[in-house]
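Here the structure comes first, spelled out in structure tokens, and everything after it is commentary.
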Amino acid sequence: MVNKFTFALGFALAAAQSFGAVYYVATDGSDANAGSMAKPFATLNKANEVVHAGDTVWVRGGVYDLHDTVFYARYKMTAGILLTASGESDDQRIHYLAYPGERPIFDGANLPVAEGIEHSDGTPAGAMYTSTIVIAARYLHLKGFEVRNTPMKHNSNSGVFIHASKHIFLE
């Protein structure tokens, strides 16, 4: 009887690990929250800090007014959302998915735009581009998002910029 219980417990734990953790992001969330459905994060940047291979992030509908940027020094650019956490394989992707029946909209109209002047110190002031979402990762799956109002000033920016990445699904 003990062996059956041990086997069942081991099987249940292995199954739970194979599915990964589930997090939520919502326009009324807070990055101080746990990322649960009842207490969602406010940003994908916070979700990026906690996710691991095999995890899923459900993004609730609404307009996400992006007004802060993250500096991506490797490419001298700023981003409203910077996704750097990677999955490990096709079976262990990180999924960022629109919550069923809802449409998350990432609006870059209020993003500060970089000067576009080359600085030798590699600071954000010298960023050449500003994009709404920058992906610098592997094995990600993004589905159901709208990206709008990417700021354009002097350089050609993009709504979604993929750099040094592979195995990315955008739907």
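The values are calculated or read from the model by the stated rules, or taken from the named source; none is laboratory data. The structure displayed is predicted, hence computed values, not measured ones. Glycine gets a Cβ as well: all are built from the backbone with ideal geometry, and neighbour counts include every protein chain shown. To get the accessible areas, we keep the full protein, side chains included, count just its heavy atoms, and leave off ligands, DNA and RNA. Shrake-Rupley method; radii C 1.70, N 1.55, O 1.52, S 1.80 Å.
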**Message:** F71 - would you say it is open to solvent by less than 40 Å² (accessible area, probe 1.4 Å), in contact with a helix residue (DSSP H, G or I) (Cβ under 8 Å, 6 or more places away or on another chain) and aromatic (F, W, Y)?
**Reply:** no
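A quick yes/no check of all residues on (1) under 19 Å from H163 (Cα atoms); (2) assigned to a loop (DSSP other than H, G, I, E, B); (3) of a type in the set (A, V, I, L, M, F, W, C); (4) in contact (Cβ under 8 Å) with a residue 60 or more places away in the chain:
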| residue | (1), (2), (3), (4) |
| --- | --- |
| S30 | no, yes, no, no |
| N33 | no, yes, no, no |
| M37 | no, yes, yes, no |
| E49 | yes, no, no, no |
| V57 | no, no, yes, no |
| Y64 | no, no, no, no |
| A79 | yes, no, yes, yes |
| L111 | no, yes, yes, no |
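Does any residue of region 4-16 turn out to be in a loop (DSSP other than H, G, I, E, B) and either open to solvent by 20 Å² or more (accessible area, probe 1.4 Å) or at pLDDT 95 or above (or both)?
Within region 4-16, the subset in a loop (DSSP other than H, G, I, E, B) is none.
So far as region 4-16 goes, no, none of its residues is in a loop (DSSP other than H, G, I, E, B) and either open to solvent by 20 Å² or more (accessible area, probe 1.4 Å) or at pLDDT 95 or above (or both).
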**Item:** Matching residues in region 75-89 - criterion: being out of contact with any Lys or Arg (no Cβ under 8 Å at 6 or more places or on another chain) and closer than 26 Å to E146 by Cβ
**Value:** Y75, M77, T78, A79, G80, I81, L82, L83, T84, A85
**Filtered residue count, region 131-171, keeping only those that are at pLDDT 85 or above and either assigned to a strand (DSSP E or B) or farther than 21 Å from A85 by Cβ (or both)** = 24
